[in-house]
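J.: Structure below; questions to follow.
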Amino acid sequence: MKETIEILAGIVAVIFIFAPHEFAHAFVAYKCGDATAKMAGRLSLNPLKHLDPAGFLLCALTGFGWAKPVPINPTNFRKYRSGLFLTAIAGVAVNYIIAFLAYPLFLTVFLYAHPATEAASYAVMFGYLSFGYIFLFGLSVVVFNLLPFNPLDGFRVVESLTREINPVRRFLKNYGKYILIALVLESFLCDVLQRYTNLPYVQYFDILGFYLQYFARNILGFPITAFWNTVFGLPFNLTLI
């Protein structure tokens, strides 16, 4: 039963992460002058419009994944550079706000929900895990998408800040996806080896996993946990998740 609840909580978390993320891209692009996403039916909070099956499953199981990219045409932006930049960061900005709102809900369930029956304990577990996963997965998606590799949002930020002849930009555009695939595969292999072997140092070679966990929890997550821990009367550096 616990495994089923964990899976369901992961699915709920992915929906709350990816649907607003992609909607934010579409909404900001539309406000900046590009109606491409709206005409493609992507200016919507309906998860079915945005979820990619493979990316959805990967995120539900591991905490990082992807959705269907929102189509945009930067040439339609009233101001090319600012439109491209704002559209690129819109998704991760929304994810960070959602993580900020999910953590106090996680704390509320963790501290104050005291189930009296077995059925209630399952409901509490579902709420506890759902809000916790929304917080953790949301931060992981922020960090993952800010990687400067094509086709992630981080590369769009690079595009908005550099000229087309920039050699770094060209390299990231041409080879970024291959670097990204290599990092994902390497992380997956390290995870498998760590689970099914006794090799003690495998975790230190998981480049993507370390990047996601360290920056998501310790860098981006710390201001959120410190603020809400203080509000709830807890030590600001207490780690509950």
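The values are calculated or read from the model by the stated rules, or taken from the named source; none is laboratory data. Remember, it's a predicted structure, so these values are computed and weren't measured experimentally. Every residue, glycine as well, gets a Cβ built from its backbone with ideal geometry; the counts of neighbours run over all protein chains shown. The protein model used for the area step is the full one, side chains on, heavy atoms only, and it has no ligands, DNA or RNA in it. Shrake-Rupley method; radii C 1.70, N 1.55, O 1.52, S 1.80 Å.
J.: What percentage of the solvent-accessible surface of the chain, computed with a 1.4 Å probe over protein heavy atoms, is contributed by carbon and sulfur atoms?
T.: Carbon and sulfur atoms account for 68 percent of the accessible area of the chain.
J.: Here's something else I'd like to know. Counting other Cβ atoms within 10 Å of each Cβ, which GluC sites (Glu not before Pro) in the range 138-241 have at most 12 and sit in a DSSP loop?
T.: 164
J.: Another question, then. Given axes a ≥ b ≥ c from the Cα gyration tensor, I'd like to know whether the range 167-241 is rounded (a/c under 1.5), prolate (a/b larger than b/c) or oblate.
T.: Judged from the Cα gyration tensor, the range 167-241 comes out oblate (a/c at least 1.5, b/c at or above a/b).
J.: Once you have a ≥ b ≥ c as the square roots of the Cα gyration tensor eigenvalues for the range 147-197, tell me rounded if a/c is under 1.5, and otherwise prolate or oblate according to whether a/b is larger than b/c.
T.: prolate
J.: From largest accessible area down, sort 34, 52; use a 1.4 Å probe on the protein chains.
T.: 52, 34
J.: Moving on. Can you compute 3J(HN,Hα) from phi for each residue in the range 95-101, using the Karplus curve 6.51 cos²θ - 1.76 cosθ + 1.60 with θ = phi - 60°, rounded to whole Hz and x for Gly and Pro?
T.: 4, 5, 5, 5, 4, 4, 7
J.: Enter the accessible area per residue of the range 142-241 (Å², integer; probe 1.4 Å; all protein chains in place).
T.: Value returned for the range 142-241: 65 Å² of accessible area per residue.
J.: Another question, if that's okay. Treating the beta-carbon of each Lys and Arg as +1 and of each Asp and Glu as -1, no other charges, what is the dipole magnitude of the range 81-224 about its Cα centre, to the nearest 20 debye?
T.: 540
J.: Further question: Within the chain, how many lysine pairs that are 8 or more places apart, or on different chains, have C-alpha atoms less than 18 Å apart?
T.: Close lysine pairs found across the chain: 5.
J.: Something else: In debye to the nearest 20, how big a dipole does the chain give about its Cα centre with +1 on each Lys and Arg Cβ and -1 on each Asp and Glu Cβ?
T.: Charge dipole of the chain: 980 debye, to the nearest 20.
J.: Once phi is turned into ³J(HN,Hα) by the Karplus curve 6.51 cos²θ - 1.76 cosθ + 1.60 with θ = phi - 60°, what whole-Hz value does each residue of the range 213-224 show in order, with x for glycine and proline?
T.: Using θ = phi - 60°, the values come out as 5, 5, 6, 5, 6, 8, 9, 6, x, 4, x, 5 Hz.
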